[in-house]
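Step one of this worksheet: look at the structure below.
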Amino acid sequence: MSSSAGAMLAREEENDAEVRREDQENINKFGRLNARLYEARDEQAALKKKMEQIDDASTELMMGSGDRVMLHLGTAFLECSEEEATEHCEKEVDKVQVLVDALVKEEEDILEQQKTLKIALYARFGKSINLEEK
C-alpha cells in the first residue's frame, strides 16, 4: 500500500455503505457551505482592506492643514472641509464594520452547520469520506 496522499484506503478501512439520497443531499449541502465559507472569508478580507484604506485616508486628513479637500464619491469629486471628510470616513468605517460583523457571524454559522454534517457523514461513511481541508 502506498503512503502517498492520494493512496487508496486499506480494505479494512473502507466502508461499503450505500449512498442514500439523504447522504448525497448532506454531501452536497456541505459542499455548498464550504464554497460560501470561502466566499465569505474573501469578502471579509476585501472589506477589511477597504476599512484600512478609509482609516489611512482619515489619518491623512488629521495631519492636514485645515484646508478644503476633495472627497471622492462614486464617480465625482466634491470639495468639502477636512472635518466633513473625516465624518464621512468615520461613517464609512462604521458601515463596513457592520458588514464585516455580519460576515463573521455567517462564517460561525457555516462552521457550526458543517460540524453537524461532518458528524453525520463520518458516522455513516467513516474514513471513506474526506471532509477536511488539505
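Any read-out appearing in this document is the output of simple, stated calculations on the displayed coordinates, not a laboratory observation. Everything numeric in this text was worked out from a predicted model, so none of it was measured.
Quick notes
- Taking LEU78, LEU103, LEU117 in turn, the Gaussian network model of the chain (Cα-Cα springs below 10 Å) assigns the largest fluctuation to LEU78.
- For the chain, the longest principal axis of the Cα atoms and the long axis of helix 82-125 meet at an angle of about 0 degrees.
- Share of pairwise Cα-Cα distances greater than 15 Å in segment 64-134 is 71 percent (whole percent).
- For the chain, a Gaussian network of Cα nodes joined below 10 Å ranks GLU87, GLU108, GLU79 by mean-square fluctuation, and the top entry is GLU79.
- Flagged links, alpha-carbon separation over 30 Å, of LYS91/LYS118; LYS95/LYS134; LYS29/LYS127; LYS29/LYS134; LYS50/LYS105: LYS91/LYS118; LYS95/LYS134
- Selected from ALA102, ALA123, ALA76 as most flexible by GNM, with the chain as the system and alpha-carbon contacts under 10 Å: ALA76
- For the chain, the relative contact order works out to 36 percent when only alpha carbon pairs closer than 8 Å and six or more residues apart are counted.
- Each stretch of four or more DSSP H residues adds -39500 (n - 2.57); spread over every residue of the chain, this sum gives -24000 deg cm²/dmol at 222 nm.
- Estimated translational D of segment 15-54 in µm²/s (Stokes, Kirkwood radius over Cα pairs; 20 °C; 1.002 mPa s): 172
- Between the amide H of LEU71 and those of LEU78, GLU79, CYS80, distances stay under 5 Å, these residues lying 5 or more places away or on another chain, with hydrogens modeled in the peptide plane.
- Between the helical axis of 21-62 and the longest alpha-carbon principal axis of the chain there is an angle of about 20 degrees.
- Per-selection Rg to Rh, the chain - Cα, Kirkwood hydrodynamic radius: 1.29
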